[in-house]
Amino acid sequence: MLSTMQDFPLTLASLFRHGATVYADSEVVTFEGDRSRRARYAEVAARAEKLAAALTRLGVRAGDRIGTLAWNTQEHLEAYLAVPAMGAVLHTLNLRLHPDQIAWIANHAGDKLVLVDATLQPLFEKFADRIEAQTVIVYGGPCQLKGALEYEKLLGAEKPGFVWPHLDERTAAGLCYTSGTTGHPKGVVYSHRSNWLHSLMVLSGSTFALSEHDRVLPIVPMFHANAWGLPYAGWLAGADFVMPGRFLQAEPLCRLIASERPTFSGAVPTIWNDILHYAEEHPVDLSSLRLVVCGGSAVPRALMEKFEERHGLRIIQGWGMTETSPLAAVAHPPRGTPPDQKWAWRAKSGRIVGGVDLRLVDDAGTVLPWDGKAVGEIQVRGPWVTASYYRDPSPEKFDQGWLRTGDVATVDARGFIQITDRAKDVIKSGGEWISSVELENAIMAHPAVAEAAVIGIPDERWQERPLACVVRRPGAQVSGDELRAFLGERVACFWLPERFAFMDAVPRTSVGKFDKKLLRAQFADGKLAVEACSGR
């Protein structure tokens, strides 16, 4: 028996129309450092229509990939809306990658045209002669690239009222590449349907409960992991947007938060760590923020506690990846949690969200129980989880319809995930597993520590031992022996590192995660100043 429901396609054109019509008065603010410029949804929608018309006039057809080298701005949001709604594919280029890698990605994707933020023209010039894109459009400032077109002139030549085509909800809407920590980055192609369903989950009360009463500050770059779904979810809900542009440092962000009063934000832990340090020495007003989602890497419990205690700012940890659009889990404490137990839940990686199936699998391929004890690799599937990579079969990344995430974890009966490591980062010492993630969080709880990354290094007796790479807070002093004593009350004795490497900064990947691959290489090459604890 079939239902009587209409088979209405979930396309981004319908999402676009809803926001533009129902929430025409909602606002998009773009920060420019010393001022902010503003536009209503109605104006942004009209410009998106003209952008679609201009791209059509330039020969863009259904399925063509349109690259963007851009910060979080009104113009980038216009591209997010117009490109997929017209049937093309929005491909966000990660500007933090090496120019050689950006060129490789643009060509692998087959970008036909690239939209470039005027402030990024010097970066674009470094690889412009190596990409196959036929057309370049510059926005947000004077055009300095030879042969490039100017965004505002293109829009100015078009009339309002673009007729959006009828699309299949399963067709490609967006393309985003992983950060490529091993080998070439891999492309993930999002559909109209996957973006729609993902947006509904972002709006859900069990995750972030976004509505038109919110002002969304997307600090996470729009080129990172589908912008965490915020552009589409926010537009669907009619929330105001506060776009930070290229001003992602603590001081301008704090000024922006104080002046524009956002209620919701999302960024990686590095950003909030910098803001916390800035707030220790400067007056800040973060009171408008009702909720911050933090992810991309494990969020230190100490970071969340300090923000809540000192600024009343609630940070919630989320877990996901480019391949999951990215929302897959959120660490809200379960119903009935006593106040003195909330942090045990908040410190977990997250609780699996509706729409995403999860299983744990060990090295032998056995599916493990959700008992909070069994440790295995997380595998997921769902309507916004990729089933393959673009032009890259990578069969080892999939297992009978499940995505192998590479994250090693436990899962309890309530669906709460506790990630202990990446599969390539686990430390096995004397036959026992050591979680580098948990050890890092324990080290970062010390008041003299700004950040810490833990890697496994060879050991004659135990095969592997943890090496703690530590950044001290400005003006603070702490030794390896002191940290070892501090950890002695917090972790198992066999977890205690015998060696520490103190450094000015932990190297990071293009998306802000600790670059442990580079740390291991630096250790192997003798480039880390390793100190052994006394009595070692």
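The values are calculated or read from the model by the stated rules, or taken from the named source; none is laboratory data. If you're wondering where the values come from, they're calculated on a predicted model, not measured in any experiment. Positions of Cβ are backbone-derived with ideal geometry, glycine not excepted, and every protein chain shown enters the neighbour counts.
Given the conditions (1) buried (at least 22 other Cβ atoms within 10 Å of the Cβ); (2) touching a Lys or Arg at 6+ places or on another chain (Cβ under 8 Å), report the number of the one that residue 55 does not fulfil.
(2)
Looking only at residues that are among the acidic types (Asp, Glu) and under 32 Å from the mean Cα position of the chain (by Cα) in the range 513-536, which one is farthest from residue 270 (Cα to Cα)?
525
From the list 178, 207, pick out the single residue that is at pLDDT 95 or above and among the β-branched types (Val, Ile, Thr).
Residue meeting the stated conditions: 207.
Kindly establish whether residue 443 is part of a strand (DSSP E or B) and either surrounded by fewer than 20 Cβ atoms within 10 Å (Cβ to Cβ) or of a type in the set (A, V, I, L, M) (or both).
no
Is there a residue in the range 413-426 that is outside the structural domain of residue 187 (by TED's automatic domain parsing), more than 22 Å from the chain's Cα centre (by Cα) and at pLDDT below 95?
Looking for residues that are outside the structural domain of residue 187 (by TED's automatic domain parsing), more than 22 Å from the chain's Cα centre (by Cα) and at pLDDT below 95, one finds at least one in the range 413-426, hence yes.
Can you confirm whether the range 208-221 contains a residue that is part of a helix (DSSP H, G or I) and under 27 Å from residue 50 (Cβ atoms)?
No, that holds for no residue.
Residue by residue through the range 210-226, note down the ones that are at pLDDT 95 or above, small (Gly, Ala, Ser) and crowded, with 24+ Cβ neighbours inside 10 Å.
none
Within the range 490-529, track down each residue that is in contact (Cβ under 8 Å) with a residue 60 or more places away in the chain, over 19 Å from residue 98 (Cβ atoms) and surrounded by fewer than 16 Cβ atoms within 10 Å (Cβ to Cβ).
Residue satisfying the conditions is 494 alone.
From the residues in the range 18-47 that are free of Cβ contacts under 8 Å to residues at least 60 places away in the same chain and assigned to a helix (DSSP H, G or I), which one is surrounded by the fewest Cβ atoms within 10 Å (Cβ to Cβ)?
21
Output the residue which, of all residues in the range 446-465 that are touching a Cys at 6+ places or on another chain (Cβ under 8 Å) and not small (Gly, Ala, Ser), is surrounded by the fewest Cβ atoms within 10 Å (Cβ to Cβ).
Ranking the qualifying residues of the range 446-465, first place goes to 455.
Take the range 274-289 and flag every residue that is touching a residue at least 60 places away in the same chain (Cβ under 8 Å) and either basic (Lys, Arg) or over 21 Å from residue 207 (Cα atoms) (or both).
Result: 277, single match.
For residue 482, work out the one condition from (1) among the charged types (D, E, K, R); (2) within 28 Å of residue 379 (Cβ to Cβ); (3) assigned to a helix (DSSP H, G or I) it doesn't fulfil.
(2)
Identify the residue in the range 427-439 that is farther than 16 Å from residue 517 by Cα and either part of a strand (DSSP E or B) or under 22 Å from the mean Cα position of the chain (by Cα) (or both) and, among all such residues, is modelled with the lowest pLDDT.
432
On the given criteria, is residue 351 surrounded by fewer than 21 Cβ atoms within 10 Å (Cβ to Cβ), touching a Phe, Trp or Tyr at 6+ places or on another chain (Cβ under 7 Å) and assigned to a strand (DSSP E or B)?
No; evaluated as a whole, the condition is false for this residue.
Select from the range 466-487 the residues that are surrounded by fewer than 23 Cβ atoms within 10 Å (Cβ to Cβ) and small (Gly, Ala, Ser) and write down the one among them that is nearest to residue 425 (Cα to Cα).
480
If you go through the range 250-296 one residue at a time, how many are hydroxyl-bearing (Ser, Thr, Tyr) and within 14 Å of the chain's Cα centre (by Cα)?
Result for the range 250-296: 2.
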